[in-house]
Structures are given as C-alpha cells and as structure tokens.
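Engineer: I am attaching a structure below and will ask some questions about it afterwards.
Laboratory data are not the source of any read-out in this text; all were calculated from the coordinates shown. The model shown is predicted, which means the values in this text are computed figures rather than measured ones. Because the Cβ atoms are built from the backbone with ideal geometry, glycine has one as well, and the counts that use them run over all protein chains shown.
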Number of protein chains: 2
Amino acid sequence: MPDSAEEAILTPPTLTPRAQRILDVASELFYRRGLHAVGVDTISAESGVTKRTLYDRFGSKDAVIEAYLQQRHTVWWARMERRIAAQPDARVLALWDAHIQDAEPFDRGCAFLNAGGELPVDHPALRVIRAHKAAVRDRFVDLVTADHPDIADPDRTAEVIVLLLEGGMAHRGIDGDDHLLRRGRDEVERILSAAPA
Amino acid sequence: MPDSAEEAILTPPTLTPRAQRILDVASELFYRRGLHAVGVDTISAESGVTKRTLYDRFGSKDAVIEAYLQQRHTVWWARMERRIAAQPDARVLALWDAHIQDAEPFDRGCAFLNAGGELPVDHPALRVIRAHKAAVRDRFVDLVTADHPDIADPDRTAEVIVLLLEGGMAHRGIDGDDHLLRRGRDEVERILSAAPA
DNA sequence: CGGTAGGTATACTGATCTGTGAAGTCAAGC
DNA sequence: GCTTGACTTCACAGATCAGTATACCTACCG
C-alpha cells in the first residue's frame with residue numbers, strides 16, 4: 001500500500017460525469033495509440049463531450065494525461081489487491097498475474113512505461129509513473145517478506161522479481177508474445193521455492 | 001549475429017553526407033524527446049539541411065524513423081561485439097554492460113522500447129525493433145551456450161537475463177536510477193556462477 | 001560540353017495541434 | 001426566483017504538422 005505522500009500523487013481528482021467519460025475514452029486511446037498520437041479533438045469527438053468541457057474540467061491535455069495515469073493506477077491497484085486477497089497461499093504470484101491480465105485487452109505492454117518513454121523529463125505525470133512503480137516494488141517487498149521468511153534478502157528478491165516483470169511486460173508490448181512473460185513467471189516460482197541463497 | 005533475413009531488416013540504407021547529418025541529428029532528437037514530439041522542420045533546422053533534401057533522400061518521416069532504429073542497432077551492435085571481444089573471460093557480462101553504456105548519454109532508457117510504445121502496430125519500423133530484440137536474445141543464447149557449458153538450459157537462462165536487462169533499462173529510463181540495473185547485473189553474475197539447476 | 005546527382009532557398013498546401021472567447025441551455029439548491 | 005455549476009455550440013486564434021513545387025546552384029564525370 002502506498003504511503004500518504006505517494007497516495008496524493010497517485011489519487012485521481014474527483015470528476016463530474018462528463019469529465020469521467022472524457023477520461024475513460026482518453027485512457028483507451030492513450031494506451032492504444034500513444035499520448036502524442038491522440039489529440040484533444042479526437043478525445044472530444046470519441047467521447048461525445050465538448051472540447052470546451054474538457055478544458056473547463058482538466059485545464060490542459062497534460063492534466064488529462066496525468067489523470068489518465070492516476071486513474072489507471074487506482075483502478076488497477078484495487079483489482080490487484082482483490083486478486084492477492086483471493087489467493088492467500090500464492091500472493092506474490094497473484095501480484096505478478098495482476099500485471100499480466102491488466103495489460104491484456106490491448107496488448108500494448110505497460111501503460112506507465114510507454115507513457116514514460118514519450119513524456120518530457122519535467123512532465124508532472126512522470127511523478128505518477130515513478131510513484132506507481134515504487135508502490136508496486138514496495139508491495140512485492142511486503143509480500144516476499146511476509147510470505148517467504150526463509151528468503152534472506154527480501155528486498156533483493158523483490159527487485160529481481162520486478163525486473164523480470166518489467167522486462168516481460170515491455171517485451172510483450174513489442175511483439176505481443178507471452179513467451180518471455182511466462183518464462184519470467186517460471187523463474188519467480190523457482191526463486192520463491194528455492195532455499196535461501 | 002543476426003541471420004540474413006534479420007540483417008536485411010536491420011541494415012540502414014547507404015546515405016549521402018547530408019542525409020547522414022540528418023539521420024544523426026534526428027537520432028539524438030528522437031531518442032531524447034520521442035518520435036512524435038520531433039517534427040521534420042525541427043530536424044531540418046537543427047541539422048542545417050533543407051527539408052527538401054530530407055524528403056529527396058528518405059521519402060517520408062516514417063522512413064527516417066526506420067533508418068534511425070536501423071542505424072542505432074548497427075552502431076550499437078559493432079560496439080557491443082568489440083566489447084565482447086575485449087573481455088573473452090566474461091562475455092555475457094560484456095553484452096550486458098554494452099546495453100547500459102549505450103543508453104548513457106541521455107538516460108532515456110531503451111530507444112527500441114520507447115519507439116515501440118509510440119508506434120502504431122503496423123508501422124514498418126516495428127520489424128526493426130523486433131529483429132533487434134531477437135538478435136540480442138540470440139546472442140545471449142550463443143554466449144551462455146559457449147561459455148557456460150555447465151548450465152543445463154541455456155535458452156532459459158539467456159531469456160531470464162534478457163528479462164532482467166530489459167526491465168532494468170526500462171526502469172532507468174523512468175527514474176534515471178541505476179540501482180535496479182546494478183541489481184540485475186548482480187543477479188546475472190549469481191546465475192552464471194551457480195551450478196546447474 | 002553536357003548531363004546528372006546532391007544540394008540550396010523559399011514559399012506554399014491543407015490538415016491538425018492545443019487552447020480560448022462569447023453566448024446560451026438546463027437542472028438543482030438556497 | 002435567482003444563483004450556481006455543468007455543459008453545449010461554434011467560431012477562432014496561432015502554431016505546428018507532414019509533405020510538395022519551383023527554381024537555382026555546383027561539382028563531378030564521360
């Protein structure tokens with residue numbers, strides 16, 4: 001669970017119904033086609049909400065981008081926690097699987113990674129991406145520590161898992177192949193079942 | 001080493017001096033700011049070469065993008081092979097380190113990953129990206145097989161290394177931190193020095 | 001001498017980009 | 001009944017987008 005500073009960064013603003021429609025449509029378009037490839041006119045047209053409303057609610061396209069990542073994190077995080085709770089005997093793998101299934105509908109890899117590659121280094125939305133990645137890492141550390149007390153260095157193990165996951169997501173975004181992602185999952189199972197290094 | 005089919009995809013076209021200037025400038029801009037964020041006018045202005053020449057040589061911006069990735073692969077691959085040859089007793093790690101040092105000047109992570117996240121799924125340059133990733137994977141398989149005969153499943157091991165590397169590159173592109181990349185390198189050393197699973 | 005290749009300069013097209021201004025509709029709440 | 005907030009319509013700004021047209025220059029090569 002993210003701490004309060006991270007939570008402020010990761011929490012999307014409260015939205016009016018139309019603003020929510022805009023954000024939902026923008027989310028799908030941003031993920032599928034990329035940030036720069038989608039204009040506000042397109043978002044407006046596809047959502048059936050006026051561009052004027054978009055600017056009244058969000059103020060700028062950059063703010064829509066930021067809200068997009070915040071919402072994606074929040075929705076995904078809740079679903080992930082549900083999955084973890086549903087598999088109390090394999091929580092680390094549940095966290096892993098949450099990532100895979102979340103990216104599934106469009107198969108464009110990790111939304112946060114893709115956005116990060118496209119955004120200028122001083123863009124406000126980068127804080128959201130970093131906070132999201134940090135939150136995921138921390139959650140992995142928590143679960144490894146709690147569920148695998150035989151592992152000597154849970155930080156190290158959690159970070160290795162994060163690397164495998166990030167790599168697998170990135171790779172699938174490029175060639176749509178699950179092969180490496182499954183390979184990574186096997187490796188995680190191996191790591192967790194092994195005796196301390 | 002890529003096979004001949006891959007080589008055709010990965011080889012950049014022969015270029016006139018001005019065209020090479022365009023490509024060099026475009027490469028830096030594309031990597032630093034992203035593909036969509038850089039226009040042909042900017043490339044032309046920064047390189048001091050007219051836009052007319054750009055279109056006479058390349059035909060379209062998409063072709064410049066494709067050549068950008070091809071050149072990046074070719075330049076990087078040669079440097080990588082040099083590094084591998086220079087460290088005959090640690091070739092897998094030399095291949096790993098080649099990745100890290102190549103991304104260094106701008107710290108925007110993996111150029112191929114970033115480009116892949118931004119390009120439409122049917123863009124011709126995607127073939128370059130996939131061929132590059134496949135070539136790297138294959139080279140890792142080669143080196144693990146040759147230098148670590150005690151490892152039972154070199155394919156599996158090479159793919160785990162690729163995942164760790166890809167993950168580390170992606171992560172550094174986002175927060176500019178080498179921490180996870182170094183963590184991944186440690187893990188690779190551990191994997192290579194361990195007895196067969 | 002003449003052709004060809006590589007290049008320059010400049011002006012232009014039509015589309016698309018983010019963002020704004022002005023005026024008006026409609027419903028809920030005080 | 002009157003204000004306030006959410007929203008629409010539409011026109012428009014100014015910049016930038018990819019890509020093209022016309023005309024000219026220059027060096028090399030047969």
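Engineer: What is the calculated FRET efficiency for A:Lys51 to B:Glu7, with r their C-beta to C-beta distance and R₀ = 35 Å, to the nearest 0.05?
Structural biologist: 0.15
Engineer: Express the relative contact order of chain B as a whole percentage, based on alpha carbon pairs under 8 Å and six or more residues apart in sequence.
Structural biologist: Worked out over chain B, it gives 22 percent.
Engineer: Lysines within cross-link reach of B:Lys51: Cα-Cα under 29 Å, excluding same-chain residues under 8 positions apart?
Structural biologist: Correct list for B:Lys51: B:Lys61.
Engineer: While we're here: Just to check, using Stokes-Einstein with a Kirkwood Rh over alpha carbon pairs, what's the diffusion coefficient of the range B:70-122 at 20 °C and 1.002 mPa s in µm²/s?
Structural biologist: 176 µm²/s
Engineer: Please state, to two decimals, what the Cα-based radius of gyration of the range A:1-73 comes to when divided by 2.2 N^0.38 Å (N = residues).
Structural biologist: This ratio for the range A:1-73 stands at 1.09.
Engineer: Pick out, in residue order, every one of the chymotrypsin sites (Phe, Trp or Tyr not before Pro) in the range B:78-144 that is DSSP loop and has at most 13 other C-beta atoms within 10 Å; say none if there are none. Don't jump to the answer; show the numbers that get you there.
Structural biologist: Values: sites: B:Trp96, B:Phe106, B:Phe112, B:Phe140; in loops: B:Phe106.
Those satisfying the criteria are B:Phe106.
Engineer: Let me ask something additional. Would you kindly calculate the translational diffusion coefficient of chain B, applying Stokes-Einstein with the Kirkwood radius from alpha carbon pairs, for 20 °C and a viscosity of 1.002 mPa s, and quote it in µm² s⁻¹ without decimals?
Structural biologist: Answer from the Stokes-Einstein relation: 120 µm²/s.
Engineer: Here's another thing I want to ask about it. Rank these for me by crowding, A:Met80, A:Met169, going from fewest to most other beta carbons within 10 Å. All intermediate terms of the calculation are to be shown ahead of the outcome.
Structural biologist: On the way: A:Met80 19, A:Met169 26.
Ranked by crowding around the Cβ, least crowded first: A:Met80, A:Met169.
Engineer: List the distances, in nm to one decimal, from the label point of B:Thr16 to the label points of the same position in every other copy, shortest first, placing each label point 7 Å from Cα along the Cα-to-Cβ direction.
Structural biologist: So the distances to the same position in the other copies read 5.6 nm.
Engineer: Using the charge dipole of the range A:1-123 (Lys, Arg: +1 at Cβ; Asp, Glu: -1 at Cβ; taken about the Cα centre), state which of A:Ala19, A:Ser60, A:Pro120 has its Cα farthest towards the positive end.
Structural biologist: So the residue furthest toward the plus end is A:Ala19.
Engineer: Taking other Cβ within 10 Å of each residue's Cβ, how do A:Ser47, B:Ser4, A:Ser60 sort, fewest first?
Structural biologist: B:Ser4, A:Ser60, A:Ser47
Engineer: Please check: in the Gaussian network model of chain A (C-alpha springs, under 10 Å), which one of A:His132, A:His99, A:His36 has the largest mean-square fluctuation.
Structural biologist: Looking only at A:His132, A:His99, A:His36, the biggest GNM fluctuation is shown by A:His36.
Engineer: Here's a follow-up. Put a dot 7 Å past each Cα toward the Cβ at A:Thr16 and B:Val75; how far apart are the dots in nm?
Structural biologist: Here the answer is 5.0 nm between the modelled labels.
Engineer: When each copy gets a label point 7 Å from Cα toward the beta-carbon at B:Gln101, what are the spacings between them in nm, shortest first?
Structural biologist: So the label point of B:Gln101 gives 4.5 nm to the other copies.
Engineer: Then there is this: How many nanometers, to one decimal and shortest first, lie between the label point of B:Gly176 and those of its other copies, if labels sit 7 Å from Cα toward Cβ?
Structural biologist: 3.7
Engineer: Also: Shape verdict for the range B:22-119, please, from the Cα gyration tensor: rounded (a/c under 1.5), prolate (a/b greater than b/c) or oblate.
Structural biologist: prolate
Engineer: For every helix of n ≥ 4 consecutive DSSP H residues, a contribution of -39,500 (n - 2.57) applies; sum these over the protein assembly as shown, divide by its total residues, and give [θ] at 222 nm rounded to the nearest 500 deg cm²/dmol.
Structural biologist: Helix-only estimate at 222 nm: -24000 deg cm²/dmol.
Engineer: Along the charge dipole of chain B, Cβ charges K/R +1 and D/E -1, which of B:Ala8, B:Ala90, B:Val141 sits furthest on the positive end?
Structural biologist: Comparing the listed Cα positions along the dipole, B:Ala8 ranks first.
Engineer: Any idea what % of Cα-Cα pairs in the protein assembly as shown are farther than 32 Å?
Structural biologist: 37 percent
Engineer: Another question about this same structure. Where is the GNM fluctuation largest for chain A (alpha-carbon springs, 10 angstrom cutoff): A:Pro12, A:Pro149, A:Pro124?
Structural biologist: Looking only at A:Pro12, A:Pro149, A:Pro124, the largest GNM fluctuation is found for A:Pro149.
Engineer: Also, I was wondering about something else. Show me the three semi-axes of the equivalent ellipsoid for the range A:102-173, from the C-alpha gyration tensor (sqrt of 5 times each eigenvalue), largest first, rounded to whole Å.
Structural biologist: 26, 15, 9
Engineer: Which of these, A:Ile151, A:Ile84, A:Ile174, has the largest mean-square fluctuation under a Gaussian network model of chain A (Cα springs below 10 Å)?
Structural biologist: In the Gaussian network model the winner is A:Ile174.
Engineer: Fewest to most neighbouring Cβ within 10 Å: what's the order for A:Leu181, A:Leu192? Show your work: numbers first, answer last.
Structural biologist: Working: A:Leu181 20, A:Leu192 17.
By the 10 Å Cβ count, ascending: A:Leu192, A:Leu181.
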